[in-house]
1. Scan segment 45-56 and give yes if some residue there is in contact (Cβ under 8 Å) with a residue 40 or more places away in the chain, under 23 Å from S131 (Cα atoms) and hydrophobic (A, V, I, L, M, F, W, C), otherwise no.
2. So which residues in segment 159-172 are more than 22 Å from the chain's Cα centre (by Cα) and in contact (Cβ under 8 Å) with a residue 24 or more places away in the chain?
3. Scanning segment 233-249 for residues that are surrounded by 19 or more Cβ atoms within 10 Å (Cβ to Cβ) and touching a Gly at 6+ places or on another chain (Cβ under 6 Å), which turns out nearest to A46 (Cα to Cα)?
4. Would you please name the residue that is nearest to A20 (Cα to Cα), looking only at residues in segment 90-127 that are among the hydroxyl-bearing types (S, T, Y) and touching a residue at least 12 places away in the same chain (Cβ under 8 Å)?
5. Those residues that are closer than 24 Å to A15 by Cβ, surrounded by fewer than 18 Cβ atoms within 10 Å (Cβ to Cβ) and either without any contact (Cβ under 8 Å) to a residue 12 or more places away in the chain or aliphatic (A, V, I, L, M) (or both), I need them from segment 214-226; list them, please.
6. Given the options G10, G22, G47, G35, name the one that is within 12 Å of the chain's Cα centre (by Cα) and modelled with pLDDT under 95.
7. Could you list, in sequence order, the residues of segment 1-37 that are among the charged types (D, E, K, R), surrounded by fewer than 24 Cβ atoms within 10 Å (Cβ to Cβ) and touching a residue at least 12 places away in the same chain (Cβ under 8 Å)?
Amino acid sequence: MLRFKNLGSGSTGNATLVQAHGIRRVQVLIDCGLGHKLLSERLQQAGLDEQSLDAIFITHEHADHIGCAKQFALRHRVPVWMSRGTYAALGSPDFDGLLRLATDGQTIDLGELALTPFTVPHDAREPLQLSCTDGQFKLGVLTDLGHASDHVLSHLSGCHSLLLECNHDTGLLAQSTYPAFLKNRIAGPYGHLSNEAAAQIGHALAHPGLVQVVAAHLSVQNNRPELALSALAGVGAHVHARPQLSVASPQSGTSWLDVRA
C-alpha cells in the first residue's frame, strides 16, 4: 500500500509524508520546511512520531523546504538525502554521517519504497523532485519549478497520483504589489508554475490510471484554491478519466491519501 499526506504546502513551509506498507512500513518525509515544534505536532496529528521516519529527502535549499532538517535529523538520527548542489548551497554543513547524496535518475531503494529523483528547472543550485513507488502504484511530487521539461514529464509518466504545484494565477500575480523583479522571477522559466501551466502538465500526464491530483504550493497573495481547481478541472477529459482534485493547505496540508489506480 502506498499513501501520502502533505503536512503543509506554501511559502511558509513545505513537508510531505510518503508511506509504503508491505512486509514492513517505510516512511519518508519529503522536505522539512516547518519549524521543529510545528513539524513534531503535525507528525503526531498524522499518527506518527519523530522516531518513525526512515529518511528525509530535501528537494532544494530554499528556506521553506530545508527548514529544520539538520536539527531534526541530528536529534532523531534520520538519514537526509539531497543533491550535491543543494548540500553545497547550504554551506556543506556537518550531518554527522547522516548525509546521503541523491543524483538525477538514480533510484533510492528503501525496501518497500523506491524514490527516483529528477532534475527540474528552478532557481536553486541542483533542485530535484521525485517519483515514488511501492512497485505497484506511483506518486509524482512536482513543486517548485518554472516549467516542465521533457525530462520532467518522462519521469512522471504513468503516475497514479500527483502532488502538483499551482503557485499563482497569472492575473493576480500581474496585479499584485510585488516588485517587478519578483514578479518576473516567479513567472519566469526557473520560477514557479502558474495554474495554467500546472493544468498543461496535468493534461500531458493524464491517463486512465491517474486518479488524483493535489494542487500544492499555492501563493497566499497570488492564488486562490478555487482558481487552481478551476484550472485543473479539464485534466483527463481527453482520456475520459478525470482525476479527483483537491488542494494542499499551507496550515493543515491534506488528509492521508491512498495512491491507487
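The values are calculated or read from the model by the stated rules, or taken from the named source; none is laboratory data. The structure displayed is predicted, hence computed values, not measured ones. Cβ coordinates were reconstructed from backbone atoms using ideal geometry, including for glycine residues, and neighbour counts include every protein chain displayed.
1. Looking for residues that are in contact (Cβ under 8 Å) with a residue 40 or more places away in the chain, under 23 Å from S131 (Cα atoms) and hydrophobic (A, V, I, L, M, F, W, C), one finds at least one in segment 45-56, hence yes.
2. Of segment 159-172, the ones more than 22 Å from the chain's Cα centre (by Cα) are 171-172.
Selection gives L172 alone.
3. So, considering only residues that are surrounded by 19 or more Cβ atoms within 10 Å (Cβ to Cβ) and touching a Gly at 6+ places or on another chain (Cβ under 6 Å), the one nearest to A46 (Cα to Cα) is P243.
4. T116
5. V220
6. G10
7. If the condition is that a residue be among the charged types (D, E, K, R), surrounded by fewer than 24 Cβ atoms within 10 Å (Cβ to Cβ) and touching a residue at least 12 places away in the same chain (Cβ under 8 Å), then R3, K5, R24, R25 are the ones that fit.
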